[in-house]
Amino acid sequence: MTSRLHLTVDGPAAAPVLLLGSSLGTAAAMWEPQVPALAEQFRVIRYDHLGHGRSAVPSGPYTVDLLGRELLRTLDDLDVAWVHYAGLSLGGMVGMWLATHAPERVRRLALLCTSASLGPPEQWRERAATVRADGLPAIADAVVARWFTPAFAAAHPEVVAAHRAMLTATSSAGYAACCEAIAAMDLRPDLDRVTAPTLVIAGADDPATPVEHAHEIVGRIPWARLAVVDAAAHLANVEQPEQVCRLLLEHFHEERGDR
Ligand SMILES: O=C(O)CCC(=O)CC(=O)O
């Protein structure tokens, strides 16, 4: 079976691949603040998770294992032997899965505003049920309130509106199935299998994946370090674009190579 993931590709064809995974309820556009700078150095491939953006929406429930295997199949289809990988929240969860199940495919890893275990599971199942019954508008205000700090939201209403629109354009079925993937996920026992040097980035004011979750990941991955971004909630790459871009470029520049 060929990949069901939609890809957005930027940057020179011969450059090392940097794969970007987005968060629950967003798509490739989430990474717009970083892509121009990253694509000067890397072949930047953004993928939409199953059930998100322009990817396929197979019937759920999903698991992180399913999302990760779909991504691995995509790399096989592209004939890409290894990648650098950066993922935010759900994108980071899939990144941890990839780096533990196919460590030879991940050269360097960046995990942003994410968690290896994001309970309680009942809350995610309730969220899935609400979205299936009432659609994404029913939860959009509460979700977007966790994405940006109040100060940023007041200063940049157009950015908030654009990301809210991205959320409500997501398939309800796909979003709900990914909630069930998060409900069932516990990546903690596997994290000592990550061999990639790893940068963990947390938003200091992230209520969705608080800084303690980043500490837990750093404590379990053998070669990991933490950077906390001030004045940033869950979508730290949108709220502090230059700082996050600089952190990513520094991390992925530390080891350059050819595919
Ligand atoms: O953003 C994600 O990928 C998962 C966490 C989340 O959905 C944030 C939230 O709304 O609580």
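The values are calculated or read from the model by the stated rules, or taken from the named source; none is laboratory data. For clarity, every value in this text was computed on a predicted model and none was experimentally measured. Here the Cβ is made from the backbone with ideal geometry for all residues, glycine too, and neighbour counts use every protein chain on show. Just the protein is used for accessible areas: all its heavy atoms, side chains included, with ligands, DNA and RNA removed. Shrake-Rupley method; radii C 1.70, N 1.55, O 1.52, S 1.80 Å.
Within the set Ala232, Ala208, Ala214, the sole residue that is closer than 21 Å to Thr26 by Cβ and open to solvent by 10 Å² or more (accessible area, probe 1.4 Å) turns out to be Ala208.
As for region 48-68, it holds no residue that is of a type in the set (D, E, K, R) and farther than 26 Å from Ala129 by Cβ. Among the residues of region 27-66, those that are without any contact (Cβ under 8 Å) to a residue 40 or more places away in the chain and in a helix (DSSP H, G or I) comprise Ala28, Val35, Pro36, Asp65. Restricting attention to region 130-143, which residues are in a helix (DSSP H, G or I) and more than 15 Å from the ligand (Cβ to nearest atom)? Of everything in region 130-143, those that are in a helix (DSSP H, G or I) and more than 15 Å from the ligand (Cβ to nearest atom) turn out to be Arg132, Ala133, Asp134. The one condition from (1) within 30 Å of Arg246 (Cα to Cα); (2) away from the ligand (no atom under 13 Å from the Cβ) that Thr170 does not meet is (2). Among residues that are among the β-branched types (Val, Ile, Thr) and within 16 Å of the ligand (Cβ to nearest atom), Val200 is included. Figure legend. Inter-residue proximity from region 138-150: first residues in contact (Cβ under 8 Å) with a residue 12 or more places away in the chain, second residues basic (Lys, Arg) and open to solvent by 20 Å² or more (accessible area, probe 1.4 Å), beta-carbon distance below 6 Å, spacing 6+ or different chains. Indicated pairs: Ala140/Arg164; Val144/Arg164. Looking across Arg127, Arg73, one residue alone is closer than 17 Å to Gly21 by Cβ and of a type in the set (D, E, K, R). It is Arg73. Criterion applied to Ser89, Ser3, Ser23 was being polar (S, T, N, Q), surrounded by 16 or more Cβ atoms within 10 Å (Cβ to Cβ) and at pLDDT below 95, and the one residue passing it is Ser3. Scanning region 99-125 for residues that are open to solvent by 50 Å² or more (accessible area, probe 1.4 Å) and either closer than 25 Å to Glu254 by Cα or part of a strand (DSSP E or B) (or both) gives His101, Glu104, Arg107. Hey, could you check region 67-92 for residues that are of a type outside the set (A, V, I, L, M) and not in a helix (DSSP H, G or I) and say which is farthest from Leu24 (Cα to Cα)? Taking the candidates together, the pick is Asp79.
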